[in-house]
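Participant: Before we start, here is the structure in question, set down as C-alpha cells.
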Amino acid sequence: MSYAIIMNETGGSHVLRWEPYEPGVPEAGQALIRHEAVGLNFIDIYHRTGLYPLPSLPAIPGLEGAGIVEAVGDGVEDIRPGDRVAYAGLPPGAYAERRIIPAHRLVKVPAAIALKDAAGIMLRGMTARYLLKGCYPVGKGTIVLIHAAAGGVGTIACQWAKALGAMVIGTVGSPDKAAMARSNGCDHPVLYTEDDWVQKVRSLTDNRGVDVVYDSVGQATFMYSLDCLRPMGTMVTFGQSSGPVPSLDLGVLAQKGSLFLTRPTLMTYTAARSDLLAHARDLFEVVDSGAVKIHIGQTYALKDARQAHDDLEGRKTKGSTVLMV
C-alpha cells in the first residue's frame, strides 16, 4: 500500500492528510513514478488555501518531484522503466509516494545529480532560467534586483545571474539570510526590515535604478519595486507570498519611466516539450559546471508536509525545501 497527502477541502495546513493512495496503471502517454523526493514550493500553499484553485477536490498537491520510472503506457518512447527522472509544473499530484504523470513532462536526470537535489531545483531552477533568459536577457553589466534573495528561487537566481556577469542586489529579512545571499552571489544584500531599501537600491546604482526587478513577494513590494527601476526597466512579478498585487493603473508605468511589466509562469515558458527540455538542459549544465550550487536548506518526511507548510509560511525556511519519500 502506498500513501499520499490528500486534500478534501481548502484551508490551513490541517487540510493536508496522509492517506492510503494507489495511483493505478499508466495509460497511453503516461508514466508511473516512484518518488524519492518531492519539492516544496509556495504555489503549493496557494493551491492548499484555494488562492490558486486546483481543478477539483479531493486532490493531491505538489508540482515538483524526482524518482524512478516503474512503468509506462503505450506510445511512450523516450522514457523507460528504471530511468531517473524529474519534473516541475502541471499537473499537480507530487505529494505521493507513487504517481501517474504525462510522460512528456518528464526529463531524465544526469547521473551526476542526486534525485533529492533534482527535486529541490527543478521548479526553482527552471523558474530562474526563464527569469534570466526569457523575461529579460541578463548578461555582463546588467543590474538586477532579486527579492527574497535567500529563498528557493533567489539562491539559484543570484548565483546564475552572477555567473552571467550581472551586478546582483537582493532583499532579505535577516542578517543570517543576508550572509546566505552573499555566499550565493548576491553582491549587495539589503535588509528590508531595517533599511529604506528603495533608497538603498537607488544609492547602489548611483540613482540610475536597476535594469530588472524579479519580485516573488507581491503586495508588500510591488509598488516600491517600480521605484527601483531605471527608465524603460523591466518589472517581473512572478509570485505573491505577501498577498496579491493590487489593481494597477497602467499609466503609472509611463509616469515612472516607460516601464515594462510582465507576469510570467513556468507553465507557459515550458508548455512545449522542446522548451521544457531546453530549460532543463540549461539548468543541469549550469549546476554541472559548478556555477550554481544546489542548496537544500531543510528536509521533511513527506508525511510531515503539514509542518513543512507551516514553516514555509512562517518564513522559517532557507533555500529549497525537499519532502523525502
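The values are calculated or read from the model by the stated rules, or taken from the named source; none is laboratory data. Being a predicted model, the structure only gives us computed values, none of them experimental. Note that each Cβ is placed from the backbone with ideal geometry, even for glycine, and that neighbours are counted across all protein chains shown.
Participant: Could you give me the residue pairs with C-beta distances under 6 Å whose first residue belongs to the range 223-234 and is assigned by TED's automatic domain parsing to the domain that holds W197 and over 13 Å from L261 (Cα atoms), whose second residue is aliphatic (A, V, I, L, M) and crowded, with 22+ Cβ neighbours inside 10 Å wherever it lies, and which are 6+ apart or on separate chains?
Facilitator: If the second residue must be aliphatic (A, V, I, L, M) and crowded, with 22+ Cβ neighbours inside 10 Å, the pairs left are C228/L145; C228/V201; C228/V210; C228/V213.
Participant: Yes or no: the range 27-42 includes at least one residue that is surrounded by 21 or more Cβ atoms within 10 Å (Cβ to Cβ), polar (S, T, N, Q) and not in a strand (DSSP E or B).
Facilitator: yes
Participant: Right, here's the next one. So E313 ticks every box in (1) closer than 19 Å to V217 by Cα; (2) in contact with a strand residue (DSSP E or B) (Cβ under 7 Å, 6 or more places away or on another chain); (3) surrounded by fewer than 17 Cβ atoms within 10 Å (Cβ to Cβ); (4) outside the structural domain of A179 (by TED's automatic domain parsing) but one. Which box is left unticked?
Facilitator: Result: E313 passes all but (2).
Participant: Let me ask you something else. I'm trying to understand the selection: among the residues of the range 274-299, which are touching a helix residue (DSSP H, G or I) at 6+ places or on another chain (Cβ under 7 Å) and exposed (fewer than 15 other Cβ atoms within 10 Å of the Cβ)?
Facilitator: A291, K293
Participant: Which of the residues spanning the range 1-42 are among the hydrophobic types (A, V, I, L, M, F, W, C), in contact with a helix residue (DSSP H, G or I) (Cβ under 8 Å, 6 or more places away or on another chain) and without any contact (Cβ under 8 Å) to a residue 40 or more places away in the chain?
Facilitator: The one that is among the hydrophobic types (A, V, I, L, M, F, W, C), in contact with a helix residue (DSSP H, G or I) (Cβ under 8 Å, 6 or more places away or on another chain) and without any contact (Cβ under 8 Å) to a residue 40 or more places away in the chain: V15.
Participant: Separate question: Any residue at all in the range 246-259 that's closer than 30 Å to V15 by Cα and not assigned by TED's automatic domain parsing to the domain that holds V107? Give the derivation first.
Facilitator: Start the filter on the range 246-259 by keeping residues that are closer than 30 Å to V15 by Cα, which leaves 246.
So of that shortlist, the ones also not assigned by TED's automatic domain parsing to the domain that holds V107 come out as 246.
For the range 246-259, residues closer than 30 Å to V15 by Cα and not assigned by TED's automatic domain parsing to the domain that holds V107: present.
Participant: Kindly list, by first and then second residue, each pair from a residue in the range 93-120 that is without any contact (Cβ under 8 Å) to a residue 40 or more places away in the chain to a residue that is surrounded by fewer than 20 Cβ atoms within 10 Å (Cβ to Cβ) and among the basic types (K, R), limited to pairs with Cβ atoms under 7 Å and residues at least 6 apart or on different chains.
Facilitator: Listed by first residue and then by second, the contacts come to K108/R84.
Participant: Still on this structure, please answer the following. Output the qualifying pairs, or none if there are none: Cβ atoms under 6 angstrom, residues six or more apart or on different chains, first residue in the range 135-154 and over 12 Å from V172 (Cβ atoms) and assigned by TED's automatic domain parsing to the domain that holds M223, second residue assigned to a strand (DSSP E or B) and among the acidic types (D, E).
Facilitator: T142/D211; I143/D211
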